[in-house]
Amino acid sequence: MVGIAAVRNDVAVGQAQRSTKRATALGILAALAGLMFGLDTGVVAGALPFISTDFHATDALQGWIVSSMMAGAAFGSLFAGRISVRFGRTGAMLGAAVLFLSGTLLCALAPSAAVLILGRVFLGLAVGIAAFAAPLYISEITVESARGSMISFYQLMVSLGIFLAFVSDSILADGGHWRWMLGIMAVPASIFLGIVLILPHSPRWLMMKGRTESARKVLQNLRSDEEVAEAELQDIQARIKHSSDAGFGLFCKNKHFRRSVFLGLLLQVMQQLTGINALLYYAPRVFQAAHFGTSAAIWATTLVGLTNMAFTAVAIAFVDRWGRRPLLILSCTIAAASLLGVGVLLGVGATTFAMQLVLCGLVLVFVAGFAIGEGPLVWTLCSEVQPTRGRDFGIGCSTVTNWSANWAISKTFPLLMVAMGASSTFILFAVFNGLFILMTLFMVPETKGVSLETIEANLFAGKRLRDLGR
């Protein structure tokens, strides 16, 4: 077998490691799935106060309105792997685009809270499928030298979507136009639907379907050197032919694959326990607990979205320079310290303007800390540690776990704020961020600059999880 490593000895490193402009462009277009993800995640924060007034929503009903999208996403994730295997990563994204558009229209025209919840379930199905298919697609069309940045770009699109949703909410807040807040999302949904139609299939998926010539043509368009493309094609073919087991069958029979799946599950749970989505979904409520007015709380929420987007861009700049582990440890440390400060301030009561500014600043520091590591790197690592023939199953399991944990937190957060108080709730999230540091130190591998095939070989060779990139 001629491997990529062997070819790199014969081909200039700079040329072999460089993606073509076409690969970069396709990765960016696929990452627009993250924009839809972010828009539909962020829009509810500003719309919720007005929806609650119109529909006389209790705390419990507000929890259902917010968490229904997460429930739909968890359910959609259950089938995302099968859809991706049967119709390809682009086919899965196409289905998600249709669901984005239909769910948006249903929410904007909802005559009751029940119909609104149904529309958000549709959006959740779309998010669950897109959050599975898009990072997987990006990881399979890019080379290892750019893979971290490109997958992180997907997370940048998520944060951009959240920010744009917050801006839209802030502009429309004075009139309480929540239907426009939700309905305007139909425009990017329509654009995304058109974009997906021009994306080629992933070369790995084509190889899994036995379409070798089609895979070869795609790879030749995506790589800077035909010899590198041919070597990668042979490596993919060797990995697929290595065993007839795939997916759940591989999970049952191979303990090493179970380890990579477990790591993906744990990473996703820890990401949700950081408290980021509780803050994003209920940010105005958190700021109101610190005695911000309704309008001021919504504008402060916009700053949260801007910070999230700006520092996700920092992650993109450094993920393939510094590596995954250093950024993740720094991210968890910043998040833990800032949330501890938020909890203390809420405990003593942020009643003065100066204390409110400090609290707002600490919230923004937390969001910045999350954005440089805990946000983008979890998705990056989950797409990197799964072997080729089990990638759909492994990423599917981690995506389901993400949305299940997301649903549980978004559903219980309003009740948790009442039962424990805002101060204790955020101190609890700070503790979880501290635990994330320990997990990173003992379990998370450094995958910077390492090919997916090398990571897979190390996994099946029985290396420790944190050594998969060595």
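The values are calculated or read from the model by the stated rules, or taken from the named source; none is laboratory data. These figures come from a predicted structure and were not determined experimentally. No Cβ is skipped: glycine too gets one built from the backbone with ideal geometry, and neighbour counts run over all protein chains shown.
Residue pairs whose Cβ atoms lie under 8 Å apart, sitting 6 or more positions apart in sequence or on different chains, and linking a residue in segment 248-263 that is exposed (fewer than 15 other Cβ atoms within 10 Å of the Cβ) to a partner that is not in a helix (DSSP H, G or I) and not small (Gly, Ala, Ser), are Lys253/Asp245.
Among residues that are closer than 19 Å to Ser67 by Cβ, in a helix (DSSP H, G or I) and of a type in the set (Phe, Trp, Tyr), Trp403 is included. Scanning segment 181-203 for residues that are crowded, with 17+ Cβ neighbours inside 10 Å and hydroxyl-bearing (Ser, Thr, Tyr) yields a total of 1. A Cβ distance below 6 Å, combined with a sequence gap of six or more or placement on separate chains, defines the contacts here; from segment 408-421, residues that are closer than 15 Å to Met69 by Cβ reach residues that are of a type in the set (Val, Ile, Thr) in the pairs Ser410/Val66. For segment 247-254, the condition of being in a loop (DSSP other than H, G, I, E, B) and of a type outside the set (S, T, N, Q) holds for none of the residues.
Looking across segment 338-362, just one residue is among the β-branched types (Val, Ile, Thr), outside any helix (DSSP H, G or I) and in contact (Cβ under 8 Å) with a residue 40 or more places away in the chain, and that is Thr351.
When Ile117, Ile129 are checked against the criterion of being without any contact (Cβ under 8 Å) to a residue 60 or more places away in the chain and within 18 Å of Ile65 (Cβ to Cβ), a single residue qualifies: Ile117.
Val365 satisfies every condition listed in (1) in contact (Cβ under 8 Å) with a residue 40 or more places away in the chain; (2) farther than 28 Å from Cys397 by Cβ except (1). Might you check whether a residue that is crowded, with 18+ Cβ neighbours inside 10 Å, touching a strand residue (DSSP E or B) at 6+ places or on another chain (Cβ under 8 Å) and either modelled with pLDDT of 75 or more or not charged (D, E, K, R) (or both) occurs anywhere in segment 231-244? Yes, the conditions are met somewhere in segment 231-244.
Please enumerate the residues belonging to segment 345-361 that are buried (at least 16 other Cβ atoms within 10 Å of the Cβ) and either of a type in the set (Gly, Ala, Ser) or modelled with pLDDT of 90 or more (or both). Listed by number, the list holds a single entry, Ala350.
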